[in-house]
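Quick notes on the structure that follows.
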Amino acid sequence: MTDRNRAARFAVLWALQYDRRPQDLPLLRFLLQQQTIYYREAVPSGLAPDLTLAGFLVAEHRQAEDLWLHWDAKNISFDTALGYHLYHLLTAGIAASAEAVRASSHPDRDRILGDITSSRHTDAAVEEWLDQQRARFPAEPAAEGLKEWAHHAARLGEREASRLFMTEWAAGEPRTDSTLNTLQFHLAHLGYLAEAVDVQKEAVALNDAWSGAKFSKLLTLARLQRRTDDFPGAWQTLQEVQRVLPPEKHGFEQGKWRHFVKECFLLVPIAPDASTAQRLLAASEQELQGIPRLWMDSVLDAAIAAAEHLGDPQALHRYSELQQAAADERAQEVDQATRRPSASGPSTP
């Protein structure tokens with residue numbers, strides 16, 4: 001599902017952030033309603049500033065009647081329930097907000113009243129939160145940095161402007177893992193994959209105190225190279241990944257093996273010829289042996305896709321059988337978990 005008005009709506013929100021007037025409230029309410037609909041219908045998880053900016057701009061008008069708009073936004077998903085702050089509902093004052101809820105016949109009336117009591121929150125805490133939001137969404141454009149402008153431009157669909165803002169931001173930052181990861185992720189998200197590959201190579205070259213960091217960086221590089229159809233580069237990187245894998249396929253780090261083998265299977269469709277693709281499929285299947293819990297991380301989905309690409313019915317049959325066995329294993333694990341007695345003793349009938 002897509003929202004053709006999303007970029008235009010954010011452009012208006014962004015403009016309203018820098019030009020705040022009392023008469024804007026009806027428009028702000030409409031924008032918050034539309035953002036709520038968009039998240040409910042098209043965003044299964046996550047929370048971005050497009051929703052929280054709309055909520056903050058409405059909350060700044062401090063109208064108790066708007067708490068129902070905020071309640072709707074907060075209850076879209078698990079992520080909004082955690083990330084869309086309850087204080088959006090309380091900027092009219094805790095007493096006034098509680099009175100508005102108490103006078104309503106909303107089905108969530110009692111639930112909200114239990115959350116917004118003065119014994120749990122104070123008007124001073126709400127004011128402190130509002131100050132934090134004002135710093136997060138300043139009224140002056142000059143108060144926002146290049147990285148924020150890069151994200152704004154990306155939401156507007158201005159890819160090149162977003163790239164320039166982010167690369168300029170990174171040029172003024174230390175070339176740390178954090179800086180390079182932010183830059184690489186943003187470039188890849190915008191579709192500048194070749195530039196993202198170069199940044200990720202720079203990240204790989206950094207010394208890492210954490211042993212798992214090298215694996216993660218190399219695997220990310222291999223994924224980016226695959227997305228640019230660079231089979232030789234991706235295959236060479238995966239060989240480097242293999243050298244930093246733990247020797248045992250079981251235990252705490254078993255997920256690394258699943259992600260590695262999955263990436264090997266995903267590389268099959270971009271192999272330069274059928275012979276190379278067939279050899280890679282065979283090597284990937286060999287590495288698959290002994291890895292537990294194959295129902296995780298979509299590794300068998302990648303294997304089946306590789307076999308289908310090659311038109312290999314025997315491999316497809318093997319992977320389909322493995323997938324069924326993995327599904328049975330998962331069902332058994334779930335069943336055992338639900339039947340397991342609690343730590344306090346056996347469950348009662």
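The values are calculated or read from the model by the stated rules, or taken from the named source; none is laboratory data. Only a predicted model underlies this, so the values are computations on that prediction, with no experimental measurement involved. For neighbour counting, all protein chains shown are included, and Cβ atoms are generated from backbone atoms with ideal geometry for every residue, glycine included. Protein only, heavy atoms only, side chains kept; ligands, DNA and RNA dropped before computing areas. Shrake-Rupley method; radii C 1.70, N 1.55, O 1.52, S 1.80 Å.
Per-residue SASA remark: H88, around 10 Å² accessible (1.4 Å probe; ligands, DNA and RNA not included). Taking a ≥ b ≥ c as the square roots of the eigenvalues of the alpha-carbon gyration tensor, region 144-187 is classed prolate because a/c is 1.5 or more and a/b outweighs b/c.
Dividing the mean sequence gap of close Cα pairs (under 8 Å, 6+ apart) by how many residues the chain holds gives a relative contact order of 9 percent. The charge dipole of region 224-300, taken about its Cα centre with unit charges on the Cβ atoms of Lys, Arg (+1), Asp and Glu (-1) only, comes to about 160 debye. Within the listed set V244, V58, V199, the Gaussian network model of the chain (springs between alpha-carbon atoms below 10 Å) gives the highest mean-square fluctuation for V244. Here the calculated FRET efficiency for R111 and E60, from their Cβ-Cβ distance with R0 = 30 Å, stands at 0.75, rounded to the nearest 0.05.
Using the Cα centre of the chain as origin and beta-carbon charges of +1 (Lys, Arg) and -1 (Asp, Glu), tell me which of A81, N207, Q23 is placed farthest towards the positive end of the dipole. My answer, from the dipole projection, is A81.
Take every Cα pair under 8 Å whose residues are at least 6 apart in sequence, average their separation, divide by the length of region 1-126, and the relative contact order is 21 percent.
Please compute the net charge surrounding A96, taking Lys and Arg as +1 and Asp and Glu as -1 over other residues with Cβ under 12 Å from its Cβ. Within the 12 Å Cβ shell, the charges total -2. Annotation: extensible slack from T122 through E168 equals 12.4 nm (criterion: 0.36 nm per residue apart, minus Cα-Cα distance).
What longest range of the chain stays clear of loop-exposed trypsin sites (Lys or Arg not before Pro) (DSSP non-H/G/I/E/B, at most 16 other C-beta within 10 angstrom)? Don't jump to the answer; show the numbers that get you there.
Working: sites that count: R4, R20, R62, R120, R175, R293.
By the stated rule (loop sites, at most 16 other Cβ atoms within 10 Å), 176-292.
Heavy-atom accessible area with a 1.4 Å probe sorts S45, S97, largest first, into S45, S97. Largest mean-square fluctuation among W257, W14, W210, in a Gaussian network model of the chain whose springs join Cα atoms under 10 Å apart, belongs to W210.
To the nearest 20 debye, what is the magnitude of the charge dipole of the chain about its Cα centre, counting +1 on the Cβ of each Lys and Arg and -1 on the Cβ of each Asp and Glu?
Values: 37 positive and 48 negative charges, 51 e Å.
Computed charge dipole of the chain: roughly 240 debye.
Our helix-only sum for the chain, with -39,500 (n - 2.57) per DSSP H run of n ≥ 4 divided by its residues, gives a mean residue ellipticity at 222 nm of -21000 deg cm²/dmol. Note on T2 and W68: their simple-model spin labels are 3.5 nm apart, each label 7 Å out from Cα toward Cβ. Using a Gaussian network model of the chain in which every pair of alpha carbons under 10 angstrom is joined by a spring, one finds that among D273, D50, D229 the greatest mean-square fluctuation is at D273. Remark: region 77-166 carries a charge dipole of roughly 240 debye about the Cα centre, counting +1 on each Lys and Arg Cβ and -1 on each Asp and Glu Cβ.
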